[in-house]
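A short write-up of the structure that comes next.
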Amino acid sequence: MELYKAKLIDKHILPYFAKIAKENKYFVDSINSVCRLHKAVKFQELERPGAAQEGRIWFSIMPLSHSFYFSDDEKYRWGSRIWNRQEFIFYSSSLLDQQFRSDYIEVLEPGELLSISYPNLLALMDRYHEVYQKIMQLSASNERHYRYQNQLLNKPAVERVKQLEEENPLFAKVASNSVKAIHVGQTRQGYEKQLKKLAILR
């Protein structure tokens, strides 16, 4: 298992830190020692709300995932992020600012993921500048995504559905209408109503 995990790390994680991985064997050893391999089943929860130090950065080798949170009365789920395959999954506010993690992270299809705990990742960031730079770049990208998501939610209902379906074809294929609906602030019935409108417009 350890050899298999090391091969996955070499293929999927180390290319993001190519320069230091090539020059510093201790860096590779450090990554291997703190990285975990997970085999997730469909709809498995990777994380639930909790303390920042209990969070992890995830890298999805295969499964598509998404994040969501519950309304204050816990009646409704609201989608907060669609995570693609081959993408790092983490929350900057929790990792960098130690804010409480408020979201659930759920996989939508079975497959393997790699993860590192936030405390171990912070230690790597402190020790290796290349790791710090990459995490800050990813954090900036995440912030741009959230601003884009807020803009999407301010659009008319039919435009929200149209944009989600067009910009996330894999997610649109894998996720149920109930899951897709929470990412555009709608119910399943409302989402399907907008899909019918789009079919007529085509």
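The values are calculated or read from the model by the stated rules, or taken from the named source; none is laboratory data. These figures come from a predicted structure and were not determined experimentally. Virtual Cβ from ideal backbone geometry, glycine too; neighbours counted across all protein chains shown.
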* Asked: Looking at (1) on the phi < 0 side of the Ramachandran plot; (2) touching a residue at least 24 places away in the same chain (Cβ under 8 Å), can you tell me which one residue 86 breaks?
  -> (1)
* Is it true that some residue in segment 141-151 is within 26 Å of residue 48 (Cβ to Cβ) and outside any helix (DSSP H, G or I)? -> no
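Within segment 57-68, track down each residue that is under 28 Å from residue 186 (Cα atoms) and either surrounded by fewer than 17 Cβ atoms within 10 Å (Cβ to Cβ) or under 9 Å from the mean Cα position of the chain (by Cα) (or both). Before you say what the answer is, go through the steps one by one.
Step one: filter segment 57-68 for residues under 28 Å from residue 186 (Cα atoms), giving 58, 60, 62-68.
Correct list: 58, 60, 62, 64, 65, 66, 67.
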* Does segment 64-108 hold any residues that are modelled with pLDDT of 95 or more, farther than 21 Å from residue 135 by Cβ and not in a strand (DSSP E or B), and which are they? -> 64, 108
* Asked: So which of 122, 198 is of a type outside the set (Lys, Arg), buried (at least 16 other Cβ atoms within 10 Å of the Cβ) and without any contact (Cβ under 8 Å) to a residue 60 or more places away in the chain?
  -> 122
* Enumeration of residues in segment 111-148 that are among the charged types (D, E, K, R), under 22 Å from residue 64 (Cβ atoms) and modelled with pLDDT of 95 or more -> 112
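Among residues belonging to segment 1-56 that are among the acidic types (Asp, Glu) and within 18 Å of residue 90 (Cβ to Cβ), point out the one that is surrounded by the most Cβ atoms within 10 Å (Cβ to Cβ).
Step one: of segment 1-56, the residues among the acidic types (Asp, Glu) are 2, 10, 23, 29, 45, 47, 54.
Those still in the list that are within 18 Å of residue 90 (Cβ to Cβ) too: 45, 47, 54.
Details: 45: 10, 47: 20, 54: 14.
For segment 1-56, the residue satisfying everything is 47.
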* Structure fact -> Within segment 72-92, the residues that are crowded, with 17+ Cβ neighbours inside 10 Å and among the hydroxyl-bearing types (Ser, Thr, Tyr) are 80, 91, 92
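Could you tell me how many of the residues in segment 58-85 are closer than 21 Å to residue 7 by Cβ and in contact with a helix residue (DSSP H, G or I) (Cβ under 7 Å, 6 or more places away or on another chain)? So that I can check it myself, show each step before the final result.
To start, the set of residues in segment 58-85 that are closer than 21 Å to residue 7 by Cβ comprises 58-63, 85.
Subsequent filtering for residues that are in contact with a helix residue (DSSP H, G or I) (Cβ under 7 Å, 6 or more places away or on another chain) retains 59, 61.
Looking only at that region, the number is 2.
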* **segment 73-117 - residue that is closer than 22 Å to residue 42 by Cβ and of a type in the set (Gly, Ala, Ser) and, of those, farthest from the chain's Cα centre (by Cα)** => 111
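Which of the following residues is closer than 24 Å to residue 15 by Cβ, outside any strand (DSSP E or B) and in contact (Cβ under 8 Å) with a residue 24 or more places away in the chain: 112, 165, 130?
Numbers: 112 fails: outside any strand (DSSP E or B); 165 fails: closer than 24 Å to residue 15 by Cβ.
Just one listed residue meets the conditions, 130.
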